[in-house]
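The values are calculated or read from the model by the stated rules, or taken from the named source; none is laboratory data. None of the values given here were measured: they were computed from a predicted structure. So basically every Cβ, Gly included, is an ideal-geometry build from the backbone, and we count neighbours across all protein chains shown.
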Amino acid sequence: MADLEVALETRLLAYATLTALVSDRIWPMILHIDETVKHVIYPAVTYQRTDGPRESALGAEMGLAHPGIQIDSWGKTYASAKAVATQARAALQRWSSEATDPVVLDCLLESDGDEYEPGANIYHVRQEWTVWHRE
């Protein structure tokens, strides 16, 4: 069985209007340094699991999980970070897929917020998602 995070990354990389902005700069947890230029290239997206609730019934497992997933959209400008966040949201909002492993039942945006990293002079938009899937 593949990880949910792999299915999400595959979905984001397949979304043309998002990759038009970030190319293949979609990574788990941390921004990557481009070895040719020796710094991070923006805009970019990172993602991570923030929790992992599962549904149970008396005496049986239901085979359903609904982890929290954080998607961060990064940009050198506020407008750039917001544009990437808009496309990440479009890629995931209410997305479901029987073709993925695990099967994704629904993606729900729970909250989002704007942030600024003053030391790096970078903007980012944090999105908190609940992703229901079969285990």
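Summary of computed values
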{"read-out": "Criterion: within 17 Å of HIS124 (Cα to Cα), within 13 Å of the chain's Cα centre (by Cα) and of a type in the set (D, E, K, R) - qualifying residue of ARG49, ARG89", "value": "ARG89"}
{"read-out": "Residue check, VAL45 over 14 Å from LEU4 (Cα atoms), in contact with a strand residue (DSSP E or B) (Cβ under 7 Å, 6 or more places away or on another chain) and surrounded by 15 or more Cβ atoms within 10 Å (Cβ to Cβ)", "value": "yes"}
{"read-out": "Output for region 1-23, where each listed residue is surrounded by 11 or more Cβ atoms within 10 Å (Cβ to Cβ) and in a loop (DSSP other than H, G, I, E, B)", "value": "ASP3, TYR15, SER23"}
{"read-out": "The lone exception for TYR78 - which of (1) closer than 16 Å to LEU12 by Cα; (2) touching a Phe, Trp or Tyr at 6+ places or on another chain (Cβ under 9 Å) it fails", "value": "(1)"}
{"read-out": "When residues of region 48-76 are limited to those that are among the β-branched types (Val, Ile, Thr) and surrounded by 13 or more Cβ atoms within 10 Å (Cβ to Cβ), the one nearest to THR17 (Cα to Cα)", "value": "ILE71"}
{"read-out": "Number of positions in region 44-97 that are in a strand (DSSP E or B) and among the aromatic types (Phe, Trp, Tyr)", "value": "2"}
{"read-out": "Test result for GLU128, assigned to a strand (DSSP E or B), touching a Leu at 6+ places or on another chain (Cβ under 9 Å) and modelled with pLDDT under 90", "value": "no"}
{"read-out": "Among the residues listed as ALA81, ALA91, the single one being small (Gly, Ala, Ser), surrounded by 13 or more Cβ atoms within 10 Å (Cβ to Cβ), touching a helix residue (DSSP H, G or I) at 6+ places or on another chain (Cβ under 7 Å) and within 23 Å of MET29 (Cβ to Cβ)", "value": "ALA91"}
{"read-out": "Matching option when the condition is touching a Cys at 6+ places or on another chain (Cβ under 9 Å), closer than 23 Å to ASP112 by Cβ and in contact (Cβ under 8 Å) with a residue 24 or more places away in the chain, among LEU8, LEU21", "value": "LEU8"}
{"read-out": "Total residues in region 24-38, condition touching an Asp or Glu at 6+ places or on another chain (Cβ under 8 Å) and either of a type in the set (A, V, I, L, M) or assigned to a helix (DSSP H, G or I) (or both)", "value": "1"}
{"read-out": "Output for region 104-125, where each listed residue is farther than 14 Å from THR46 by Cβ and exposed (fewer than 15 other Cβ atoms within 10 Å of the Cβ)", "value": "ASP106, LEU108, GLU110, SER111, GLY113, ASP114, TYR116, PRO118, GLY119, ASN121"}
